[in-house]
Amino acid sequence: MDTNILVIGSSGQIGSELVMALRKIYGNNHVFATDIKQPTEEIRKSGPFQILDVLDFNNLLHFLVRFNITEIYNLAAVLSGNAEKIPLQAWDINMRALMNTLEAARESGAKKLFWPSSIAVFGPTTPRRNTPQTTIMEPNTVYGISKLAGERWGEYYNKRYGVDFRSVRYPGLISYKTEPGGGTTDYAVEIFFEAVKKGHYQCFLKENTALPMMFMEDAISNTIKLMQADAKQLSLRSSYNMAGISFDPKQLAAEIRKHIPGFTISFKPDFRQAIAESWPASIDDSVARRDWNMETTYDIGKLTSTMLEKIREKLEKKA
Ligand code: SER
C-alpha cells in the first residue's frame, strides 16, 4: 500500500519545511498539505494543497477516507505567548485539533499520527538543567497544560485503540523560511532578521535566559526519523525529550557579532520572560538518542552562519 500523508498546519513554521522534506521522500502527490492559511509558493507549486480546518471533524474524516491517508502530521496549535492572551480559546483550539486527529486516526485507515509536544510541558518545579525524560511536570502556561494533556491522550489512544501515536517535545525551533508566530522562543529567530536588516535587536527576554533550541533542518530530519522508526524500537508512546543545543540571548548575540561586528542588542523583557523562566534551560534527550537514534548536526556556530547567509539571500531576492 502507498504511503499517503496528510500535513495539517502546512503553512506554519514547521509545516512549510516538513511538507517539502516529505515530498522529496514519498513523492509530491503523496503528501497533502492543508491549513486554514494560504501556503508558501513552493508548497502550492509542488503538490496538492487544500484549505482544511482541523476543528471540523467531519471534513477531516472525509479527507482521510477520500485520499486514502495512511499517516497524519498534525502541527496546528496556538503557541505559548499567544495562548496567554486568549487562554480558553487556545485551550479549545489546541485540544480539539488533537482530539479530532486522534479520533479520525482511530476511525479511518490512517493509524500513524505525529503530534508535536514541547518543552512547555515542564514547569517551575521541574529540574531546570539537563531535564530528564521522566520528571516533575507542573506547567503553568495554557500552552504547556494543553501539550501535557495531549501527551497523555496520545499515549491513551495508543494503548487503548492501537493508534500509532508518535511525538517529540520540540525545543525552540530556529528557521528562516517561515517565521514562527507568538512563541516564547521566537526571539532566536527574530534576532537574525533584525541583525541583517538593522544591525540591532531589542530582545523580549533577559540576556541570561537559557533555553533549549534546535535548527529546523535537524528538527525535520528527527521528526521523519521517529515516524520511520520500527514500532518495536519505541519504548515511549507519550513524547520524547529532544534538544540539540542550549544558549541564552547574550551568547547568541556574541555569535552574531562574529559575522556582523557592529551588531548591538538591548533587553526589554515582557510577559514571556516568566514563561521562559518556567521552562528548562537544557534537556536530557538520551532516551530519544537510544530508542530511535535521534541526532543533531547544527551547533550554535553553524546555526548562526547558516541563518545569516540564508536571510541575506532571501532579502536580496526580495529587493
Ligand atoms: N516554541 C514554542 C513556543 O515558544 C515552544 O514549543 O511557544
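List the number of the failed condition for Tyr143; all other conditions in (1) among the aromatic types (Phe, Trp, Tyr); (2) away from the ligand (no atom under 16 Å from the Cβ); (3) in a helix (DSSP H, G or I) hold.
(2)
What strands (runs of 3 or more DSSP E) completely inside segment 33-129 contain at least 3 residues that are more than 28 Å from Arg160 (Cα to Cα), in contact (Cβ under 8 Å) with a residue 12 or more places away in the chain and more than 16 Å from the ligand (Cβ to nearest atom)?
In segment 33-129, the matching strands (runs of 3 or more DSSP E) lie at 49-51.
Name the single residue, out of those in segment 18-32 being surrounded by fewer than 23 Cβ atoms within 10 Å (Cβ to Cβ) and touching a residue at least 40 places away in the same chain (Cβ under 8 Å), that is nearest to Val189 (Cα to Cα).
This residue is Ala21.
Is at least one residue of segment 100-118 polar (S, T, N, Q), at pLDDT below 95, surrounded by 17 or more Cβ atoms within 10 Å (Cβ to Cβ) and in contact with a helix residue (DSSP H, G or I) (Cβ under 8 Å, 6 or more places away or on another chain)?
yes
What residue, among those in segment 174-185 that are surrounded by fewer than 23 Cβ atoms within 10 Å (Cβ to Cβ) and within 8 Å of the ligand (Cβ to nearest atom), is modelled with the highest pLDDT?
Filtering first and then ranking leaves Gly182.
Which pairs turn up if I take residues in segment 218-238 that are more than 15 Å from Arg290 (Cα to Cα) and look for partners that are modelled with pLDDT under 95 and among the small types (Gly, Ala, Ser) with beta carbon separation below 8 Å, at least 6 apart in sequence or on another chain?
If the second residue must be modelled with pLDDT under 95 and among the small types (Gly, Ala, Ser), the pairs left are Asp218/Gly244.
The values are calculated or read from the model by the stated rules, or taken from the named source; none is laboratory data. Model, not experiment: these values are computed from the prediction. All Cβ positions, glycine included, derive from the backbone under ideal geometry; neighbour counts span all protein chains shown.
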